[in-house]
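Chemist: Would you mind keeping the following structure in view while I ask a few things?
Since every read-out is calculated from the coordinates, none of them should be taken as a lab result. Keep in mind that what you see is a predicted model, and the values were worked out from it rather than measured. Every residue, glycine as well, gets a Cβ built from its backbone with ideal geometry; the counts of neighbours run over all protein chains shown.
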Protein chains: 4
Amino acid sequence: MKLSIATTMLDAAHAEAARLNVAVCISILDAGTWPMAMIRMDGTPLGAIEVATKKARTSVLFQMDSADFAEVGSPGGKAYTLENTNGGLTSFGGGVVLKAADGSILGAIGVSGASVDEDIAIARAGAAALST
Amino acid sequence: MKLSIATTMLDAAHAEAARLNVAVCISILDAGTWPMAMIRMDGTPLGAIEVATKKARTSVLFQMDSADFAEVGSPGGKAYTLENTNGGLTSFGGGVVLKAADGSILGAIGVSGASVDEDIAIARAGAAALST
Amino acid sequence: MKLSIATTMLDAAHAEAARLNVAVCISILDAGTWPMAMIRMDGTPLGAIEVATKKARTSVLFQMDSADFAEVGSPGGKAYTLENTNGGLTSFGGGVVLKAADGSILGAIGVSGASVDEDIAIARAGAAALST
Amino acid sequence: MKLSIATTMLDAAHAEAARLNVAVCISILDAGTWPMAMIRMDGTPLGAIEVATKKARTSVLFQMDSADFAEVGSPGGKAYTLENTNGGLTSFGGGVVLKAADGSILGAIGVSGASVDEDIAIARAGAAALST
């Protein structure tokens with residue numbers, strides 16, 4: 001995935017956050033979980049910086065959105081304690097996995113700072129720009 | 001346990017994973033929890049690498065399969081929070097302890113990447129090659 | 001320091017790197033060392049991601065460019081082993097401290113991936129956009 | 001890079017180590033520094049396990065053999081303290097970067113346990129199998 005695509009997604013997510021009138025941190029990781037681009041909007045809680053990245057990291061590592069990971073890896077899920085692996089994972093929404101047309105993993109976008117529903121909406125708005 | 005035995009087990013587990021048409025990471029540790037051999041099949045989620053090793057580590061450290069450890073060390077078990085010791089343990093199936101004929105611990109094999117039931121089947125297929 | 005200023009600096013540094021025909025990671029931290037914005041150009045060595053941030057972190061923590069810190073904190077300097085504090089610092093050029101007109105610290109920009117001289121030139125091009 | 005290529009390289013390196021009559025750990029990482037395959041030969045010092053991986057990690061992160069990295073990142077090099085970044089790097093030979101025909105990074109092979117010269121020879125024997 002090229003930087004130009006990552007920044008296009010970042011801009012789309014940023015615009016959606018502005019439209020919702022919330023402040024978030026947006027982080028984009030590549031298929032190996034390495035950072036490609038990130039921004040933190042004015043007024044975002046500082047704690048959201050790591051959370052945005054961990055959501056995206058969770059999505060890459062298990063090839064699914066972080067909201068879906070919650071059903072597997074947290075208490076009551078089939079693989080309880082999975083969320084304690086890989087330096088600690090994030091079992092709630094706001095991380096969206098990015099896939100190519102052939103299904104291969106390209107990376108993930110993670111958003112944190114607003115409500116979980118808003119974080120998800122912003123991450124999806126960013127992910128939607130992948131195919132444009 | 002010699003490397004030649006570890007790679008024989010690795011090949012047997014790999015063959016079982018291929019037969020089940022799943023992609024997993026397979027890790028073999030010695031009686032001191034030190035890595036002896038590992039492979040990651042194409043398409044395996046990256047998060048499974050650490051999990052495979054942690055399952056095997058859990059099995060060596062407490063001399064039991066990781067599925068059995070779950071009954072002891074997780075919420076509701078006799079020793080809840082045991083899973084938070086030793087750098088974090090893994091309380092679900094896929095780690096199988098390896099013992100010599102006299103009951104002494106030789107090490108463990110850990111598998112992750114497919115469903116818990118599949119991971120267990122693959123680990124057992126690997127462990128079965130120990131005595132051949 | 002607002003995000004709009006950070007991204008303006010990021011764009012100026014990015015343009016300078018493109019002009020020099022090198023690939024770098026560019027990271028901007030605020031006065032509390034928290035990430036504000038970052039990009040990694042296509043082809044940048046992955047190891048440069050942490051280095052860019054550590055250069056900026058060093059600059060904020062000791063209120064000086066990382067090249068100047070080298071004279072203080074590395075072997076032969078007045079405070080040798082200072083570089084081993086704060087989780088590890090970076091004693092070579094590419095981190096530039098950002099100050100307001102009244103001298104107060106606003107944050108820092110860190111660049112890594114090219115030669116030290118190029119990293120410094122790119123960081124300075126970014127920092128120069130602060131006052132525009 | 002596919003697992004079948006990684007294991008072919010692993011076998012070639014293993015054969016070279018056997019020919020030299022030394023015991024080493026051999027580790028192969030992908031372009032994102034994630035483990036693909038590893039073996040530890042009987043009698044290898046346990047400390048060599050982490051070193052083999054760190055050599056390969058250094059090679060991927062800075063897109064060069066670990067022996068070349070030593071000239072840049074260790075005391076007296078242009079970027080002294082670089083070796084303290086990214087969780088600690090390894091500034092001596094035995095890590096060899098793997099590149100595709102177009103120059104893109106595929107990963108790296110790291111070898112540790114024998115003398116530095118032997119480690120390098122074994123890693124190169126493994127890397128040579130990449131193109132076969």
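Chemist: Tell me the net charge near D:ILE120. Cut-off is 14 Å between Cβ atoms, D:ILE120 excluded, with +1 for each Lys or Arg and -1 for each Asp or Glu.
Modeler: On the way: positive: D:LYS55, D:ARG124; negative: D:GLU16, D:ASP65, D:ASP68, D:ASP117, D:GLU118, D:ASP119.
So the surrounding residues net to -4.
Chemist: Something else: Are there chymotrypsin sites (Phe, Trp or Tyr not before Pro) in the stretch B:53-94 that DSSP puts in a loop and that have at most 16 other Cβ atoms within 10 Å, and which ones? Display every interim value, and only then the final one.
Modeler: On the way: sites: B:PHE62, B:PHE69, B:TYR80, B:PHE92; in loops: B:TYR80, B:PHE92.
Sparse-neighbourhood loop chymotrypsin sites (Phe, Trp or Tyr not before Pro): B:TYR80.
Chemist: Any idea what the C:PRO75 label distances to the other copies are, label 7 Å down the Cα→Cβ vector, nm, shortest first?
Modeler: 0.3, 5.2, 5.3
Chemist: Using just the alpha carbons, could you tell me how many Å³ per residue the convex hull of the protein assembly as shown encloses? Walk me through the intermediate numbers first.
Modeler: Details: hull volume 82.4 nm³, N = 528.
Hull volume over Cα atoms, normalised by residue count, gives 156 Å³.
Chemist: At 24 angstrom or more along the helix axis (alpha-carbon based) and mean Kyte-Doolittle of 0.0 or higher, what helices does chain D contain? Whole DSSP H runs only. Walk me through the numbers on the way to the answer.
Modeler: Details: long enough: D:3-20 (25 Å, 0.65).
Span-like helices in chain D: D:3-20.
Chemist: If you don't mind, there's one more thing I want to ask. Taking only the alpha-carbon positions of chain A and ignoring solvent, what does the Debye formula give for the base-10 log of I(q)/I(0) at q = 0.12, 0.15, 0.17 Å⁻¹?
Modeler: Scattering profile of chain A, log10 relative to I(0): -0.38, -0.60, -0.77.
Chemist: For chain A, set up a GNM with springs between Cα atoms under 10 Å and report which of A:ALA79, A:ALA101, A:ALA48 has the largest fluctuation.
Modeler: Most flexible of the set in this elastic network: A:ALA101.
Chemist: For A:LYS2 paired with B:TYR80, estimate the spin-label separation in nm (one decimal), with each label point 7 Å from Cα along the Cα-to-Cβ line.
Modeler: 5.4 nm
Chemist: Over the stretch A:58-102, one equal point on each Cα, no solvent: what is log10 I(q)/I(0) by the Debye formula at q = 0.34 Å⁻¹?
Modeler: -1.26
Chemist: Need one number: nm distance between label points at A:ASP102 and C:ASP117, each 7 Å from Cα along Cα→Cβ, rounded to one decimal.
Modeler: 4.3 nm
Chemist: What residue in chain A has the Cβ closest to the axis turning A into C, and how close is it in whole Å?
Modeler: Smallest Cβ distance to the axis, with its residue: A:MET38, 3.
Chemist: Net charge within 13 Å of A:GLU16 by Cβ-Cβ distance, Lys/Arg positive one each and Asp/Glu negative one each, not counting A:GLU16 itself?
Modeler: Working: positive: A:ARG19, A:ARG124; negative: A:ASP11, A:ASP117, A:GLU118, A:ASP119.
Neighbourhood net charge equals -2.
Chemist: In nm, one decimal, shortest first: how far is the label point of C:GLY43 (7 Å from Cα along Cα to beta carbon) from the matching points in the other copies?
Modeler: 3.3, 4.1, 4.7
Chemist: Also: With the Cα gyration tensor of the stretch B:78-132 giving a ≥ b ≥ c as the square roots of its eigenvalues, does the rule (a/c under 1.5 for rounded; else a/b larger than b/c for prolate; else oblate) give rounded, prolate or oblate? Please list the in-between numbers first.
Modeler: Working: a/c = 2.71, a/b = 1.29, b/c = 2.10.
Note, shape of the stretch B:78-132 comes out oblate.
Chemist: Could you tell me the center-to-center distance, by alpha carbons, between the stretch C:37-67 and the stretch D:35-84 in angstrom?
Modeler: 21 Å
Chemist: Name the residue, out of D:SER115, D:SER27, D:SER66, whose mean-square fluctuation peaks in a Gaussian network model built on chain D with Cα pairs under 10 Å.
Modeler: Per the Cα network of chain D with a 10 Å cutoff, D:SER115 tops the list.
Chemist: When we measure straight from the Cα of B:LYS99, which lysines land under 26 angstrom away, once same-chain ones fewer than 8 places off are left out?
Modeler: Reachable lysines: B:LYS2, B:LYS54, B:LYS55, B:LYS78.
Chemist: Separate question: Sort shortest first the distances from C:LYS99 to its counterpart in every other copy, using label points 7 Å along the Cα-to-beta-carbon line, and give them in nm.
Modeler: List, nearest first: 4.2, 5.3, 7.0 nm.
Chemist: Further, regarding this structure: Find, among the trypsin sites (Lys or Arg not before Pro) in the stretch A:1-97, those assigned to loop by DSSP (not H, G, I, E, B) with at most 13 other beta-carbon atoms within 10 angstrom. Could the numbers behind the result be given before it?
Modeler: Details: sites: A:LYS2, A:ARG19, A:ARG40, A:LYS54, A:LYS55, A:ARG57, A:LYS78; in loops: A:LYS2, A:LYS78.
Filter output for the stretch A:1-97: A:LYS2, A:LYS78.
Chemist: Can you sort A:SER91, B:SER91 from fewest to most other Cβ atoms within 10 Å of each residue's own Cβ? List each step's numbers first, then the result.
Modeler: Numbers: A:SER91 21, B:SER91 26.
Starting with the residue having the fewest Cβ neighbours, the order is A:SER91, B:SER91.
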